[in-house]
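What follows is a set of notes on a single structure, which appears directly below.
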Amino acid sequence: MPLLVEGRRVRLPQSAGDLVRAHPPLEERARLLRGQSVQQVGPQGLLYVQQRELAVTSPKDGSISILGSDDATTCHIVVLRHTGNGATCLTHCDGTDTKAEVPLIMNSIKSFSDHAQCGRLEVHLVGGFNDDRQLSQKLTHQLLSEFDRQEDDIHLVTLCVTELNDREENENHFPIIYGIAVNIKTAEIYRASFQDRGPEEQLRAARALAGGPMISIYDAETEQIRIGPYSWTPFPHVDFWLQQDDKQILENLSTSPLAEPPHFVEHIRSTLMFLKKYPSPTNTLFPGNKALVYKKNEDGLWEKISSGN
């Protein structure tokens with residue numbers, strides 16, 4: 001009996017809208033989340049998760065108290081939490097390989113050895129909107145279906161995706177919520193945006209743009225972020241893309257050009273510049289083919305501690 005709402009098995013396939021209408025508490029939670037004002041989350045105690053990354057930790061973590069991600073348009077942000085030990089995973093899914101990603105999310109929570117104690121697995125899905133290409137709808141369906149295929153019971157607690165996260169303005173559609181954070185200690189999930197997306201924001205963004213798969217970036221045992229070593233092949237036609245104007249970049253390198261946040265084009269340009277500068281990063285960015293390792297310092301900010309093993 002994998003995917004449950006209020007203890008009852010979910011009937012799939014259903015649209016997100018049909019699903020919440022069948023379960024009023026789900027509809028109410030989505031309404032409350034949409035109605036929140038966006039909180040600016042500072043860097044202290046924050047672990048920011050980029051697209052195609054996941055991070056998992058628990059309330060025992062002395063460095064991290066908040067997991068968060070934003071800039072989701074057609075993407076969905078997924079939070080999976082075990083209510084017994086508080087182990088919490090947040091990931092930013094773009095639909096590249098949902099079938100492989102959901103087991104990764106599940107295993108990340110199971111890696112906390114005391115997962116067998118009392119409690120249950122709860123999942124929260126946020127993001128997407130009524131986009132022209134229906135990529136959001138497709139991703140919603142994939143995620144619900146894959147969670148439903150898992151052996152464990154998973155309780156769907158928050159569903160604020162696609163048509164439930166959509167607003168219309170001048171006949172154009174936009175997401176209402178672009179980002180969320182989860183407080184590891186209290187389990188509160190709230191609308192959020194982030195100034196600090198580090199460490200190594202460009203390097204991590206370049207890995208995703210170059211087609212890297214979903215990866216786990218954080219070691220909760222050592223309380224360290226380990227980045228790389230990554231390898232990628234030179235980005236195709238990088239010079240061509242860097243010569244294009246903002247409109248061309250937006251229309252060709254976004255899944256939802258009208259709905260992107262204002263800094264999207266600048267972010268893509270800087271990531272393309274990075275990929276041009278480091279066409280094969282293994283030796284240049286990862287000396288000795290070792291990971292870059294960061295840990296929070298006494299001020300709660302990321303500090304590079306070494307190149308790891």
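Here's a check for you: in segment 93-136, which residue that is within 20 Å of Ser216 (Cα to Cα) and in a loop (DSSP other than H, G, I, E, B) is nearest to the chain's Cα centre (by Cα)?
Here the residue is Asp94.
Conditions (1) open to solvent by less than 10 Å² (accessible area, probe 1.4 Å); (2) touching a residue at least 12 places away in the same chain (Cβ under 8 Å); (3) in contact with a helix residue (DSSP H, G or I) (Cβ under 9 Å, 6 or more places away or on another chain), marked per residue:
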| residue | (1), (2), (3) |
| --- | --- |
| Arg9 | no, no, yes |
| Asp18 | no, no, no |
| Arg29 | no, yes, yes |
| Gln40 | no, yes, no |
| Leu46 | yes, yes, no |
| Glu53 | yes, yes, yes |
| Leu67 | yes, yes, no |
| Gly86 | yes, yes, no |
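Kindly indicate the residue of segment 160-202 that is free of Cβ contacts under 8 Å to residues at least 60 places away in the same chain, farther than 21 Å from Gly62 by Cα and not basic (Lys, Arg) and also most open to solvent (accessible area, probe 1.4 Å) among those meeting that condition.
Glu171
Filter segment 258-290 for residues that are crowded, with 18+ Cβ neighbours inside 10 Å and small (Gly, Ala, Ser) and give the result.
Of everything in segment 258-290, just one residue is crowded, with 18+ Cβ neighbours inside 10 Å and small (Gly, Ala, Ser), namely Ala259.
Of everything in segment 17-38, what is among the hydrophobic types (A, V, I, L, M, F, W, C), outside any loop (DSSP other than H, G, I, E, B) and within 23 Å of the chain's Cα centre (by Cα)? Give them in sequence order.
Once the filter is applied, which keeps residues that are among the hydrophobic types (A, V, I, L, M, F, W, C), outside any loop (DSSP other than H, G, I, E, B) and within 23 Å of the chain's Cα centre (by Cα), segment 17-38 yields Leu19, Val20, Leu26, Ala30, Leu32, Leu33.
Restricted to segment 206-247, and to residues that are open to solvent by 40 Å² or more (accessible area, probe 1.4 Å), of a type in the set (Val, Ile, Thr) and at pLDDT 95 or above, which residue is farthest from Leu272 (Cα to Cα)?
Thr222
Which condition breaks for Arg197 when tested against (1) under 25 Å from Leu139 (Cα atoms); (2) more than 19 Å from the chain's Cα centre (by Cα)?
(2)
Checking the conditions here, which among Pro287, Pro261, Pro279 is modelled with pLDDT under 95, under 22 Å from the mean Cα position of the chain (by Cα) and farther than 17 Å from Gln248 by Cβ?
The match here is Pro261.
Considering only segment 290-301, state which residues are over 22 Å from the mean Cα position of the chain (by Cα) and touching a residue at least 60 places away in the same chain (Cβ under 8 Å).
Selection gives Lys290, Asp299.
Assuming Arg149 fulfils every condition listed in (1) open to solvent by 10 Å² or more (accessible area, probe 1.4 Å); (2) under 16 Å from Thr88 (Cα atoms); (3) more than 18 Å from the chain's Cα centre (by Cα) apart from one, which condition is it?
(2)
Filter segment 52-90 for residues that are assigned to a strand (DSSP E or B) and more than 14 Å from the chain's Cα centre (by Cα) and give the result.
Thr57, Arg81, His82
So Met106 clears everything in (1) hydrophobic (A, V, I, L, M, F, W, C); (2) closer than 23 Å to Thr186 by Cα; (3) buried (at least 23 other Cβ atoms within 10 Å of the Cβ) except one condition, right? Which one?
For Met106, the failing item is (3).
Among the listed residues Thr255, Thr271, identify the single one that is over 23 Å from Glu200 (Cα atoms), in contact (Cβ under 8 Å) with a residue 40 or more places away in the chain and of a type in the set (Ser, Thr, Tyr).
Result of the check over Thr255, Thr271: Thr255.
The values are calculated or read from the model by the stated rules, or taken from the named source; none is laboratory data. Source: prediction; values computed, not measured. Ideal geometry is used to build each Cβ from the backbone, glycine not excepted, and the neighbour counts take in all protein chains shown. Accessible surface areas use protein heavy atoms only, side chains included; no ligands, DNA or RNA. Shrake-Rupley method; radii C 1.70, N 1.55, O 1.52, S 1.80 Å.
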